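These notes are about the structure you will find just below.
The values are calculated or read from the model by the stated rules, or taken from the named source; none is laboratory data. Bear in mind that the values here come from a model prediction, so they are computed numbers and not experimental data. Here the Cβ positions follow ideal geometry from the backbone for every residue, glycine too, while neighbour counts run over all protein chains shown. These accessible areas exclude ligands, DNA and RNA; they are computed on the full protein's heavy atoms, side chains included. Shrake-Rupley method; radii C 1.70, N 1.55, O 1.52, S 1.80 Å.
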Amino acid sequence: MKSFPIPRLLVVTAASVLLLSGCAATAAPASETVEDAPTNTVALTHSEALHIEDAWVKAADDGMSAAFGMLENSGTEPVTLVSVTSAASERIELHETVENDSGAMVMQELPTGFVIPAGGSMELKPGGNHIMLMGLAAPIQAGDEVNFTLTFADGSSRELTAPAKDYSGANEHYEGDMDHSEHTEHGHDDHAESGN
Ligand SMILES: [Cu+2]
């Protein structure tokens, strides 16, 4: 009895809000967030803006491998790839390859992920940036299709399937790890030498 007029008022208010939202076209439905979301409502997600060409994975029996390809950003703002996962590998990192103090090329994780500028591209290639597979779940053989999930800084994600192929060059970049120089000081490193 006493509650009767109240719901009716709520209905009218809600209807007004809906009408206002409808006029605001692409604005977010919750009115309190409209002012916080200026232009992003019409921009592409990172996942939508990124095109991936010629993706491939290096075939490997165990241990480490890497995935490569061309990342192209067709959007109007930078795309940041922050993480990659796959059932094919226990751990996956985004690596860059740099020259260390002694002139050797070593790879290291890029904590910021891969940033592809608006309208630009980034090539992942042996001896350069790459998606590092650390701890293969099973051998990856040439011809296998490897599935990845890519996650971006805006929270969007996408699947990527890349064929595996044999690649014998630049092995030293993948066989060596950050602790390699310490092993060799002892003179009896019995692993990780196949690339040299
Ligand atoms: Cu690496």
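Quick rundown of the values:
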quantity	calculated
Efficiency of FRET between Glu90 and Ser156 - r from beta-carbon atoms, R0 35 angstrom, step 0.05	0.90
Segment Thr149-Ile52, extension gain: residue separation times 0.36 nm, minus the distance between their alpha carbons	33.6 nm
Accessible area, probe 1.4 Å, largest first, for residues Met70, Met132	Met70, Met132
Cβ-Cβ FRET estimate between Met134 and Asp61, R0 fixed at 25 Å, reported to 0.05	0.95
Extended-chain gain in nm, criterion 0.36 nm per residue less alpha-carbon gap, Glu123 and Thr97	8.1 nm
Per residue accessible area of the range 46-184, 1.4 Å probe, in Å²	50
Sites Val115 and Ala142 - FRET efficiency at Förster radius 30 Å, r taken between beta-carbons, to 0.05	0.45
Alpha carbon Rg of the range 46-184, scaled by the compact-globule rule 2.2 N^0.38 Å	1.03
